[in-house]
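Since the structure comes first, as C-alpha cells, the remarks are kept for the end.
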Amino acid sequence: MNKWLAITACYLGVSSSVWCVDADSLKYELAHASTDTEKVSLLNHLGMAYNEEGSDSAILFLDQAHKMSQQLGNKKYKAITEQNFGCYYIAKSSFDTAVGFHQEALETFIQLSDTFNMAEQYAHLADAYQGTSQYEKALPYNIQACELYDKIGATAKAVTLRSHLSEIYMQLNDPDRALEVQFAVLKYQPREEVKQYIPSVYVNIGYIYFQLGKFEEAIEQFTLSRDAAREIHSRLEEGIGIAFTGKCLIQLNRTNEAMPLLLQAEAIFKEVNSKLYLTKVHVNMMEIYNDLGQYKKAKYFAEDAIKNSRELKILWIENLAQYELAVANVALGNYKEAYEAILAHKCVNTQLWEEIKTKEIADIQIKYQSEQKEKENALLRKDIEMQQKVRNYLIAFSLAGLLLILLLLNRFLLKRKANKELVEKNNLIVRQQKELAEAYEKLKETNEEVQTQAEILEEANATKDKFFSIIAHDLKSPFNSILGLSELMLKNFDQMSQDRIKSYVAAINSASNTTYNLLSNLLVWARSQSNHIQINKEELNLAELIETSITPYMENAEAKKLSVRNEITHGDTINADRYTLTTVFGNLFSNAIKFTRQGGSITLNVDRQPGHIAINVKDNGVGMTEEVVKKLFKITENCSTAGTEEEQGSGLGLILCKEFVEKNDGEILVASSVGKGTTFTVRIPLN
C-alpha cells in the first residue's frame, strides 16, 4: 500500500480482553488470591499486561497459567492461556508459533461451543497469516470470524475486522471485493456503537479509489469522512479526510485548491499534537512548493519532515524528504547542502531497500518453513497411519492364530470326552430349563409386584400433589377474598352504604361457606386416605338420608331459582354407613346446583333393580364431554372447573364420592350430554 498515509481505521484489535491494568496491582491481587481459578485468571492478565509493555516477562506468567490450568483440568482456562501465548508470539512476529497456539485454542473452544472465543481465534489466525503476507490463508479465517461476530451481535468487532478483510482483498489484487466489504460496513451505520468507525470506513473506501486512480470518487469519500468525523467531534479523523482530499487534488493538478486544504489539515494536526500526520502533510507541502518554485518554503518543510521522520523512525518519509531537500537546495544555489542531501537520500534509500529485502526474505523463509512443516506433518500422519495399520494387522493375525489353536485343542478335548460330556450336558440342560422356568415365574411375580407398587406410588404422589394444590390455590383463594373484602370494609366502613355493606357481608359469607365446604371435604378426604374412617353399616331410611344430605345446600338452589324435585319415598331402606353416604349425596347435589343455570331443575329418584337400589341425582345443566367424564374420578387428572356463576371447586368432592360409595360395596356411574345435563347414579347392594 502507498506509504503517504496509511488506512486509518480505529482497529479494536482481536484480543479477548483489554490489558490495561497496572502490573503491580495485579501482582498484589495474585498474592492475595484465595482460589486456583482466580490465580490462573490473574496470571493471564499479568502475562498480557507485560505483553502490552513489550516485556519478555509476559511468557513467565503465561507459562505458570498454562501449567496451573492443566492441573485444574479446566479446558476453558487452558484454551484462554493458549490464546494469550498466540497473542504474545504475534507481537514478537513469531507468526508460525502463534498459529500453533491459536489452532489448539480453537479446537477447545469448538468443543465447548464457545462462539465468541471461536471468532477470536479465527481473527487471530487471520492476523498471524496476514503478518507473514500469506493472504490466501488469512482470507477464510477472517471471513469466518466476521460471520461469527455478526451471529452473536459483536458489531464493533465485525466492523473493525472487515477493515482487515478489505486490506487482504487489496493485497490479493481484488479491489472490487475490497470496496464491497467496506460498503457492507456502512450498512451498520444507524447503530450507535458503529458511528465512531464511519469516518475511517469512508477513508478506506476513498483510499481504494485513490489507488485505482479514481480521484474524483476518492474526493467524494474523503469529504464524507470529514463530515462524519465532525459529527462525532473527532478532529484527528477530520484532518485525515481533509489531507486526503488535498492529496487527490494534487494528483488532478489542482494545486491551488489543494494547498488551502493541506494548510487546514496542518492546523488540525498541530491542534491534536499528531506528529505522524503532521509530518506526512509537510511531505506533501514540500512537494507542492518545489513544483511552484517556492524553494525556501519547500526547504523548510523538507527539513522539518526529516527531523520528525528520524524521531518517528520512518525511513520512507526521510528518503522522500532528503530528495525534495536536495531539489530545493539546488534551486537555491546551496550545492553543498544539496550534495549532502543527495548522499543522505542514497544512504536512507539503501537502508530502506535492505529493510524491504530483509522483510521479503523473512516472509519467504516463514512461508517455506510453514510449507515444510505442513509437508512434514502430512508425512508424519501417513507414517502413523501406516504403523497403526501394521500394528492392527499383527494383532489380527496373532488373535487369529491363537483362536485357531484354541479351536483345535477344544475339538481334540471334545472328541475324547464326547459321550460323557453329552450326558452331563443333557442333564445340565434339563436342570437349567427347570431353574429357568422357576426363575421366570419368580420374575413374573416380582414384575407384577413392582407394577402394583408403581401404581400405588403414582396414586400416592398424585394424592400428595392434589393435596398441596388445594392448599396452595383452592384453599388460599377464598381467604384472599375474605381478607380483601374485610380490609375494604374496615378502611371504608363509615363511608359505605347499608346496601354496599350487605353486599360485602354476603360475599364474605359466600367465600366463608366455600372455604368451609372445601376444608370439610379436605379433612374427610385426609381421614379417608389415612384409613381413619370406619364404615358402620345400619339399616337407613333412604328418604330421610337424602333429605338430611341436601338440606344444607337448598339455600344455594333457591338463590339460583332452581326447581328441586325429591321423588324418593319413605318406604325405601338401604343397609349402609350413614356418615359416608350423607357426604356422597351432599356432594352430588352441590355439584348439580353448581353446574345448572338459573331457573333449571334437579331431580332425585330411585330405581329398584335385582339385588341393588340405584339413587339418581339428575340435572338439566351444562353437561360434560366424554373426555371429561373419563377423568372425573381420577386423582391424577385435574377436572376442577368453575360453575355457571363462577362457583369455585377443587375437584375433590367426586373423588370422595367414589371412595365412599366403594367403601359401602357400591358403585357410582355417570351419564352426561353437553348442553342437556348430567345424571349421577349411586348403586348400593340390598344385602
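The values are calculated or read from the model by the stated rules, or taken from the named source; none is laboratory data. Computed from a predicted structure; not experimentally measured. Every residue, glycine among them, receives a Cβ derived from its backbone with ideal geometry; neighbour counts consider all protein chains shown. When the accessible area is computed, the model is the full protein with side chains, heavy atoms only, and any ligands, DNA or RNA have been set aside. Shrake-Rupley method; radii C 1.70, N 1.55, O 1.52, S 1.80 Å.
Observations, loosely collected:
- Separation of the alpha carbons by more than 27 angstrom is noted, of 137/195; 137/382; 270/299, for 137/195.
- Accessible area (Å², 1.4 Å probe, nearest 10) - residue 337: 80
- q = 0.20 Å⁻¹: log10 I(q)/I(0) that the Debye formula gives for the stretch 160-246, counting C-alpha atoms only: -0.87
- For residue 573, residues with placed amide H under 5 Å, excluding near neighbours: 542
- Per-residue 3J(HN,Hα) values for the stretch 263-279, derived from phi via the Karplus relation 6.51 cos²θ - 1.76 cosθ + 1.60 with θ = phi - 60°, read 5, 5, 5, 4, 4, 5, 5, 5, 4, 8, 6, 9, 5, 4, 6, 4, 5 Hz in sequence order (x marks Gly and Pro).
- Take the stretch 101-230 with all the other protein chains still there, run a 1.4 Å probe, and you get 40 Å² of accessible area per residue.
- Around residue 225: net Lys/Arg minus Asp/Glu count, Cβ-Cβ under 9 Å: -2
- Neighbour net charge for residue 414 - beta-carbon separation under 15 angstrom, K R +1, D E -1: +4
- Listed pairs 157/214; 280/307; 618/676 exceeding 19 Å between Cα atoms: 157/214
- Ranked packing of 293-299, 40-46, most packed first, by mean Cβ within 10 Å: 40-46, 293-299
- When 683, 411 are compared by accessible surface with a 1.4 Å probe, the order from highest to lowest is 411, 683.
- Within the accessible surface of the stretch 91-233, defined with a 1.4 Å probe on protein heavy atoms only, the carbon and sulfur portion equals 47 percent.
- Taking label positions 7 Å along the Cα-Cβ direction at both residue 488 and residue 112, the computed distance is 5.8 nm, reported to one decimal.
- For peptides 396-408, 121-133, 243-255, sequence by mean Cβ density within 10 Å, most packed first: 121-133, 243-255, 396-408
- Local electrostatic count at residue 167 - Lys and Arg +1, Asp and Glu -1, tallied over other residues with Cβ under 13 Å: 0
- ³J(HN,Hα), Karplus 6.51/-1.76/1.60, whole Hz, each residue of the stretch 573-583, x for Gly, Pro: 10, 9, 9, 7, 8, 5, 5, 5, 6, 4, 5
- Relative contact order of the stretch 92-199, defined on C-alpha pairs under 8 angstrom at six or more residues apart (%): 19
- Computed from backbone phi, the HN-Hα couplings of the stretch 139-156 come to 4, x, 5, 4, 4, 4, 4, 4, 5, 5, 4, 4, 4, 9, x, 7, 4, 4 Hz, rounded to whole numbers (Karplus: 6.51 cos²θ - 1.76 cosθ + 1.60, θ = phi - 60°; Gly and Pro given as x).
- Scanning residues 5 or more positions from residue 564 or on other chains, those with amide H under 5 Å from its amide H are 602, with H placed 1.01 Å from N in the peptide plane.
- Convex hull volume per residue in cubic angstrom - Cα atoms of the stretch 40-166: 100
- Relative contact order [Cα under 8 Å, 6+ residues apart], the stretch 45-93, whole percent: 35
- Here residue 38 sits with roughly 80 square angstrom of accessible surface, probe radius 1.4 Å.
- Our note on the geometry: Cα centres of the stretch 536-588 and the stretch 420-445, 64 Å apart.
- Ordering of 193-201, 425-433, 265-273 by packing is 193-201, 265-273, 425-433, highest average first (other Cβ atoms within 10 Å, averaged per residue).
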